[in-house]
1. One residue is enough: does the range 74-81 have a residue meeting the conditions without any contact (Cβ under 8 Å) to a residue 12 or more places away in the chain, surrounded by fewer than 18 Cβ atoms within 10 Å (Cβ to Cβ) and touching a helix residue (DSSP H, G or I) at 6+ places or on another chain (Cβ under 9 Å)?
2. State whether the residues of the range 88-98 include one that is free of Cβ contacts under 8 Å to residues at least 24 places away in the same chain, within 15 Å of Met2 (Cα to Cα) and surrounded by 12 or more Cβ atoms within 10 Å (Cβ to Cβ).
3. Scan Leu67, Leu106, Leu63 and give me the residue that is more than 20 Å from Ser10 (Cα to Cα), assigned to a helix (DSSP H, G or I), out of contact with any Lys or Arg (no Cβ under 6 Å at 6 or more places or on another chain) and not hydroxyl-bearing (Ser, Thr, Tyr).
4. Please go through (1) acidic (Asp, Glu); (2) surrounded by 15 or more Cβ atoms within 10 Å (Cβ to Cβ); (3) not in a helix (DSSP H, G or I) for Glu18 and return the number of the only condition it doesn't satisfy.
5. Could you check how many residues of the range 10-40 are out of contact with any strand residue (DSSP E or B) (no Cβ under 9 Å at 6 or more places or on another chain) and more than 18 Å from Asp90 (Cβ to Cβ)?
6. Output yes when any residue across the range 60-80 is closer than 14 Å to Gly97 by Cβ and modelled with pLDDT of 95 or more, and no when none is.
Amino acid sequence: MMIYGLSTCSICQKARKELEANGKDVVFRDIRAEPLNETELAELIAEFGERLVDRKSSDYRGLNDWLKASEAEAQISAKPKVMARPVIRDQKKLYLGWDETVQKALLAG
């Protein structure tokens, strides 16, 4: 299982801790230290679309007008912190966030 997020993100840390406590083998990838490549980003955008950008974040509000009008791919490539997180890959299935629905799907069984 792979978690894409930020090492400083408390929700990412909580997801990782809970998954590991439930016996899941978790690899964490800090998207600032190791940015998503073009193929990975395209796959996530195909799955989540505009939901992949956290438009409520101060980092998003700090983007210039040109980037705000750009596609999600350009926004995340320019400023990885605007990506909604965590993104969790469980084999071929992708999940966005760490809400009750995601927790039930990943912690069951």
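The values are calculated or read from the model by the stated rules, or taken from the named source; none is laboratory data. Nothing here was measured: the structure is a model prediction, and the numbers come from that model. Every residue, glycine among them, receives a Cβ derived from its backbone with ideal geometry; neighbour counts consider all protein chains shown.
1. Yes, the range 74-81 has at least one match.
2. Yes, there is a match, as at least one residue in the range 88-98 is free of Cβ contacts under 8 Å to residues at least 24 places away in the same chain, within 15 Å of Met2 (Cα to Cα) and surrounded by 12 or more Cβ atoms within 10 Å (Cβ to Cβ).
3. Values: Leu106 fails: more than 20 Å from Ser10 (Cα to Cα); Leu63 fails: assigned to a helix (DSSP H, G or I).
Only one candidate passes the filter, namely Leu67.
4. Of the numbered conditions (1) acidic (Asp, Glu); (2) surrounded by 15 or more Cβ atoms within 10 Å (Cβ to Cβ); (3) not in a helix (DSSP H, G or I), the odd one out for Glu18 is (3).
5. Residues in the range 10-40 being out of contact with any strand residue (DSSP E or B) (no Cβ under 9 Å at 6 or more places or on another chain) and more than 18 Å from Asp90 (Cβ to Cβ): 8 in total.
6. no
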